[in-house]
Amino acid sequence: MTASPPAATVKDNREKLLERAMSRYQYSGDALIEVLHTAQELYGFLPPALLKTIAHKLRLPASRVLGVASFYHFFSLQPKAAHTFVVCLGTACYVAGALGLVEALDRSGAKPGSSGAKNDVSVQTARCIGACGLAPALIYDGVVHARATPQLIKAELERIGVK
Amino acid sequence: MSVKTLEIDGRMLTGRTGETVFAVAWDHGIQIPRLCHVGGLSDVGACRLCLVEIEGRKRLQASCLTLIEEGMVVKTATPKLKSHRKLIVELLLAERNHVCSVCVMNGECELQDLAASHGVDHVRLRYQFPSLPVDTSHERFGIDHNRCILCTRCVRVCDEVEGAHTWDVCGRGTASHIISDLGEPWGESDTCTSCGKCVQVCPTGALFSKGKTVAEMRKDRGFLKYIVTAREKKQWIG
Amino acid sequence: MGERIVIHPVTRIEGHAKISINVDDAGEVSSAQFHVTEFRGFEKLCEGRPFYEMPGLMSRVCGICPVSHVLASSKAGDRLLGVEVPSAAVKQRRLVNYAQLLQSHALSFFHLSAPDLLLGMDSAPEKRNIFGVLERDPDFARRGIRLRQFGQRIIELAGGKRIHPAWGVPGGVLHSIGAAGRDEILTWIPEALESMDVAISRLKPLLDSLPQEIENMGNFPTLFLATVTPEGDLEYYDGVIRIVDAEGNTVADGLDPMRYATFLGEASEEWSYVKFPYYKPLGYPGGKYRVGPLARLNVARSAGTPRADREMREFKQRSQGAVCQSFHYHLARLIEMLHSIERIQELMEDPEILSEHIRAKAMLNRLEGIGSCEAPRGTLFHHYHVDSDGLMKKANLLIATAQNNLAMNMAVEQTARRFVTPRSIEEGMLNRVEAAIRCFDPCLSCSTHAIGQMPLIIELRNHAGDLLHRLERS
Amino acid sequence: MTFEELCGKQTEEVERQQALKNRIMCCTAAGCLSCGADGLRQAISAEIAAQGRQADVELCGSGCMGMCSRGPLVLSAACNRLYGNVAPADAAALVSADPAATETLADRAIDLDSPFFSKQTRIVLANSGHVDPEKLADYIAAGGYQSLGKALTAMSPRDVVEEVKKSGLRGRGGAGYPTGLKWELVMKQIPQVKYVVCNADEGDPGAFMDRSVLEGDPHRVLEGMAIAGFAVGAQQGFIYVRGEYGLAIQRLQTAIKQAEREHLLGARILDSGFQFRIDLRVGAGAFVCGEETALIASIEGKRGEPRQRPPYPPESGLWGAPTLINNVETFANIPPIVQNGGDWFASVGTASSKGTKVFALAGKIVNTGLIEVPMGTTLRTILFDIGGGIPEGKFKAAQTGGPSGGCIPEQFLDTPVDYESLVTIGSIMGSGGLIVMDDKSCMVDVARFFMEFCMDESCGKCIPCRAGTVQMHDILHRMTRGDATEDDIEMLETLSGLLRETSLCGLGQTAPNPVMSTLKYFRDEYEAHIRERRCPAGLCQMESQLEEAMA
């Protein structure tokens, strides 16, 4: 008997979960967006190999899978950074000065749509997160901050060591 | 098959039920401009050049997607339509880097022809000058994204006629671009059959045969109708 | 107090530039510079484009000598393909190159320089142009115009259009001149030869009347560089590079144009957009050299055609060793035109000119290619690097006007010192400064890849840099 | 469960609730959550345990209570008081409900008789703040699923459609197409397979009505859809909900499971022969998917690109089948219409616009939050009575309809808010975002902001929208930088005409609206940017000023 289990048994659990999601939709191509949602939940982002697997399993052309994945802003084809700032740029937040928040992040080298200097901060802008009553709103690592200020951003960035 | 009578640009014309306004007009020599339509492929109504005015309809209609109806009254070349078409051509010219003088399709390009026929002697809009690549990794063909107008003829011919679906549109809005497979270089595509149909249907010099130089490219679209008809009628059997 | 004269724009040259003349405290010309103030960046522009596009793209560098760029570019493309170009295609290319030389030289001599020569350096500026010449000597002017037309007609017949033909392609040419084209060209020959006789016999006595100008407008020793046949005869399309010095001694011979970078260096100065190439073994700026008609006649042993050889032998008598007076570029230009017409006749009588085997096809076989040929103004090099998909990574263009840059600067300074008296500036003085430049027939659109027409400005400045006088013509 | 059992369940739950000493409703809508409602809820829950009051004090979450600007909000049923800005430290006082203890909260009590509440009429939001969205029993106690029961037991599909037609309800998603007519169209289609789709892809920046309804009263939407399914003959429904609405998705999932368990959805609903399933489809961040043909493409797993209409979805929608598409608020109006009759609904509102409309108030206004008013209420009432006016500065414009709408200037404050009136003054009803701007807002910049939105959200299929929005944004951007000429205004108008008339879908057709309406009412601001290189609101940084600052 060997001490270590055969490679197949330590197979990534995520693969199984993705498989289950696809079979729930009977591997139908119509379920592509749902499957991509699941894949992104499991893997954090959608690398080409993953898209290829999905294309094969759903029997869809690879270009169509990428075409769909790239159409929707929710899907990320790049790995996510450790920390994410989402600045709401909905009308209410815009009127309330959300651009100041983007500028504050910008000053720290973290530009919208890109990862920051240390590649651990990503900055995104959102088209209204629906917290208009609390404008300007900022989602920092999944937590909504109402009436965010550049000072708040500065403090958070300092806390995680981004200058 | 029933026949319908309609009026296009003051002429009484007839067409078969199920035919589009665009098809009936062209059959009778009324050449409505178009970029995304090509005979033999499905229509998407994206270029908006074939828009026509139809009496009783509030909005302009894409003639390539509008089926003829009995008694329809259609106008295809009103001053309003012409001015819209001209501006659409200008939008396209300003959107990417269309440099006719060094283009393989110079003199044969559908976009260039439209610009000429619509009197686009200068572009009133700001050129956007995007920085776009050329992919010549394929053994026989190349794609120059600078000349692409996103008409998706290549996507459709590859999907509908060749059946490979190598091409699709990636991204959205102004960032849209044509991709092969998962965005790899064309030469690395494992679905492309190198049939060259996409190259032939491309209205501009975006898709070209390698080795062709300035103004040397001639595209043949006759094959499409032939293949499609042959397939529909199963002409190869018997 | 030092002063500076600036001639800006310099007129009757191709492109636009500025001359500044600096005046010292004693009121004498201390130095002069020829600035090229425009920038075009063709080399940058072609990055990322397929190399097949280069002949078409490069023909846009210049409206005067597009053919030269098409040829050098096609030849660089030949190298990238690694093919042997069919001999009929070579003949087509040669034909068009001669035609190009003919029309460009005709423009330079009859349209741009003849006004100075026929009407005089000090004649009224508003008359000093081709229309003035037409008035003074209608037959002469018309012959010039016809000669240029002849050259352009050949280009049109062979290349499909008069300017920016994109008929040259890597591996050969797109189409041949055809029988009808050949027949038409042959009908032009007698008149063209006759016109050359008229022009040459008209110029020679004029030269005798301008000893001051000849001796003081760009007369100095430099090296001369040109392409010759392996035997050492005049050659414009394909050959080896030979360099001679002012005494007429061969400094280097049999140099491979493909290896130009081993013997030519490129310096730059912040006051001009044109590069300053030099002959490497002698360093910068000691390795200054001249290219173009004068250099070619100095470098070549003989022309290889009877009429041109006759003129060339006489030309070589004008000086011991090499002819160093830049003013003789004019005569050299006429001799080259004569030679070109003779060669065109030869090609037209060669049955192979009608062959349709004019293009070699291949895939990309090399990642680096150099093409060179003799353009009207001198030796032209196109040097391309491509990636494995054939997309341009880098282009280096070494252009005749740039190679003459050092010499042109010297000529400007020499002319200014001799003819410009800063205390009482006269138009004719400044015209001579410009005329010195025109000897070289610089094509600034090529050398800097400029956009549009911006004639030259002359500025007179003191040594503090204050502007004293400014002359601007358009 | 049969209809009788449902009624029994309702009585039972109502009695149970009445027996309680106190019900504490803690707002758990996104707004309050982002100002600490979760921590507050835990504190109250711990306090109930600490005081040993589990038996007679119940803590519930609730949907949006409206006054988002004062969150977190807590409603104490015992004293019928609504408190704002509540902190975990207040838990003890809330649980005890002792008048003395609640004294500390008195200054934070919100006057329920204030115009903010008194001028509202709540139909869609009737349950918001009173029903725990995560408890089916709560919804049933409030009369939930009674309408579905009524439809299934006492009405024919045609009766239901007639009732909806009679109500005069119009689509609340923007265009205002009569809902009853749309239902009738789908009902009349011959094919057996039909679909009902709820458009919950609320994408207008500044609009959060649908999210609040989904989060606060998800069963209401499910019930509305089921009634629609019964009426038009569909057995399958989809809710296409924005991916950004995590909480709404979660509550919908919970609600669907609860309803299926009780046979309020799924097979044999309320023991009748009617079956209706609802599946969620989660959007992935594309505004254009709010357009019905794009939404269909997206549900089918494709790029959300619109296609030419006709054919309209009632004829050929999802997978080519007849498809009824209504938005969240429209479906939420259905149960009360079925319950109370079309005539009752038609008695609210104006001649052509019936019922109420939910608005999301945001921007430079005191009471930001969610409100519901009868159609025909004037903007002045909405903004100054309910909204409490402008905090500082002067009113300049109200923006309705999001990127497809327009800016309404002061002179139209007394215009009644209904579909037709808004169109007359250059805006649209839209989905209900209402953003207030004061004199510090630059109208050119607002136009630029919306154009940027449309440019980013354009799907790229048709040229006028794809390239036209880029050019219009380019011009507007240059205007805000002081780098534009008079010709640019003309080109802006020309492009507006092109987009409006030639774009493939509503996004492109309406993209010029904010530009057109600001050009109409605030042309002087445009001219100041161009002629004087000056921003009257002092917002835009002009290139020349930037250069000066650099030097």
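The values are calculated or read from the model by the stated rules, or taken from the named source; none is laboratory data. Keep in mind that this is a model prediction, so the values were computed, not measured. As a convention, Cβ positions derive from the backbone with ideal geometry for all residues, glycine included, and neighbour counts pool all protein chains shown. Surface areas here come from the heavy atoms of the whole protein model, side chains and all, with no ligands, DNA or RNA. Shrake-Rupley method; radii C 1.70, N 1.55, O 1.52, S 1.80 Å.
Each listed q (0.12, 0.13, 0.16 Å⁻¹) maps to a log10 I(q)/I(0) for chain B, found by the Debye formula over equal Cα scatterers with no solvent: -0.74, -0.86, -1.22. For labels at C:ARG470 and A:LYS52 in the simple 7 Å Cα→Cβ model, what's the distance in nm? According to this spin-label approximation, the distance is 6.4 nm. Geometric descriptor of the stretch D:139-195, per residue, is 125 Å³ (volume of the convex hull of the Cα atoms). Do you know the relative contact order of the stretch B:100-233, to the nearest whole percent, from alpha carbon pairs under 8 angstrom that are 6+ apart? Contact order relative to length: 34 percent. Put simply, the amide H of D:LEU280, placed in the peptide plane, has neighbours under 5 Å in D:ILE239, leaving out anything fewer than 5 places away on its chain.
Computed from protein heavy atoms with a 1.4 Å probe, the total accessible area buried between C and B is close to 1300 Å². At 7 Å along Cα-to-Cβ for each site, give me the label-to-label distance between D:ARG16 and C:ASN129 in nm. Here the answer is 10.1 nm between the modelled labels.
Taken across both chains, chains A and D shield about 3100 Å² of accessible surface from a 1.4 Å probe. Against chain C, whose longest principal axis is taken from its Cα atoms, helix C:329-348 shows a tilt of about 10°. Restricting the GluC sites (Glu not before Pro) of the stretch C:345-394 to loop positions (DSSP other than H, G, I, E, B) with no more than 16 neighbouring Cβ atoms within 10 Å leaves C:GLU349, C:GLU356.
The modelled label-to-label distance between C:HIS175 and C:ARG313, using points 7 Å beyond Cα along the C-beta direction, is 4.4 nm. Rg/Rh, computed from the Cα trace of chain C with Rh as the Kirkwood radius, has the value 0.96.
Give the range of the longest stretch in chain C that excludes all chymotrypsin sites (Phe, Trp or Tyr not before Pro) found in loop regions by DSSP and having at most 13 other beta-carbon atoms within 10 Å. After excluding every exposed loop site, the longest remaining stretch is C:40-270. An ellipsoid equivalent to the protein assembly as shown, defined through the eigenvalues of its Cα gyration tensor, has semi-axes of 76, 36, 29 Å when rounded to whole angstrom and sorted largest first. When the alpha-carbon atoms of chain D are used, the pair Rg, Dmax equals 24.4, 81 angstrom. Between B:LYS75 and B:GLN128, residue separation times 0.36 nm minus the direct Cα-Cα distance comes to 15.7 nm. For chain B, taking a cut-off of 4.7 Å between Cβ atoms, the unpaired cysteines are B:CYS50, B:CYS64, B:CYS100, B:CYS103, B:CYS109, B:CYS148, B:CYS158, B:CYS170, B:CYS192, B:CYS195, B:CYS202. Counted without the sites themselves, the longest stretch of chain D free of GluC sites (Glu not before Pro) in a DSSP loop having at most 12 other beta carbon atoms within 10 Å is D:1-391. Seen through its C-alpha gyration tensor, with square-root eigenvalues sorted a ≥ b ≥ c, the stretch D:143-346 comes out rounded because a/c lies under 1.5. Treating r as the C-beta distance of C:LYS361 and A:TYR27 and R0 as 45 Å, the FRET efficiency rounds to 0.45. The dipole here belongs to the stretch D:20-113: it is taken about the Cα centre, uses +1 on the Cβ of Lys and Arg and -1 on the Cβ of Asp and Glu, and is about 180 debye.
Per residue of B:177-184, other chain Cβ atoms within 10 Å of the residue Cβ number 6 on average. The amide H of D:CYS407, built 1.01 Å from its N in the peptide plane, has D:SER517, D:THR518 as neighbours under 5 Å, considering only residues 5 or more places off or on other chains.
Rounded to the nearest 10 degrees, the inclination of helix B:79-95 to the longest alpha-carbon principal axis of chain B is 10 degrees. Summing both sides, the accessible surface hidden between D and B at a 1.4 Å probe radius is close to 2800 Å². A simple rule links phi to the HN-Hα coupling: the Karplus curve 6.51 cos²θ - 1.76 cosθ + 1.60 with θ = phi - 60°, which for the stretch B:170-187 gives 10, x, 8, x, 5, 8, 4, 7, 7, 10, 10, 6, 9, x, 6, x, 3, x Hz, with x for Gly and Pro.
Under 10 Å from the Cβ of D:SER544, count the other residues' Cβ atoms, weight Lys and Arg +1, Asp and Glu -1, and hand me the total. The answer is -1. Summed over the residues of the protein assembly as shown and divided among them, the accessible surface reaches 37 Å² per residue at a probe radius of 1.4 Å. Extension gain, C:HIS463 to C:THR229, is 79.4 nm, computed as 0.36 nm per intervening residue step minus the present C-alpha separation.
The portion of the accessible surface of the protein assembly as shown made up by carbon and sulfur, rounded to a whole percent, is 51 (1.4 Å probe; DNA, RNA and ligands excluded). Note on D:25-38: average number of Cβ atoms from other chains within 10 Å of each residue's Cβ is 3. Can you classify the stretch D:399-535 as rounded, prolate or oblate using the Cα gyration tensor, where a ≥ b ≥ c are the square roots of its eigenvalues, rounded means a/c under 1.5, and otherwise it's prolate if a/b beats b/c and oblate if not? Note, shape of the stretch D:399-535 comes out oblate.
Let me test this: with uniform point scatterers at the alpha carbons of the stretch D:11-164, what is the Debye-based log₁₀ I(q)/I(0) at q = 0.09, 0.13, 0.21 1/Å? Relative scattering, expressed as log10 I(q)/I(0), comes to -0.33, -0.64, -1.39. Residues whose amide H falls under 5 Å from that of B:GLY40, counting only those 5 or more places apart or on a different chain, are absent, with hydrogens built in the peptide plane.
Take every pair of alpha-carbon atoms less than 8 Å apart whose residues are at least six positions apart; their mean separation over the length of the stretch B:3-77 yields a relative contact order of 41 percent. Mean separation of Cα pairs under 8 Å and 6 or more residues apart, divided by the residue count, gives the stretch D:15-112 a relative contact order of 33 percent. Remark: the stretch C:216-229, residue by residue, has Karplus-estimated 3J(HN,Hα) of 10, 10, x, 10, 6, x, 8, 7, 10, 10, 7, 8, 9, 6 Hz, where x stands for each Gly or Pro and the curve is 6.51 cos²θ - 1.76 cosθ + 1.60 at θ = phi - 60°. In the calculated pair distance distribution of the stretch B:100-233, what percentage of Cα-Cα distances lie above 25 Å? Of the Cα pairs, 28 percent sit more than 25 Å apart. With a cut-off of 11 Å between beta carbons, the residues surrounding B:ASP27 carry a summed charge of 0, where Lys and Arg count +1 and Asp and Glu -1.
Looking only at chymotrypsin sites (Phe, Trp or Tyr not before Pro) in DSSP loops with at most 12 other Cβ atoms within 10 Å, what is the longest site-free stretch of chain B? Looking at chain B, B:1-126 is the longest stretch - no exposed chymotrypsin sites (Phe, Trp or Tyr not before Pro) with at most 12 other Cβ atoms within 10 Å. The string of couplings for the stretch B:114-127 from the Karplus curve (6.51, -1.76, 1.60, θ = phi - 60°) is 5, 4, 5, 6, 9, x, 7, 8, 8, 9, 7, 9, 6, 5 Hz, one whole number per residue in order, with x for Gly and Pro.
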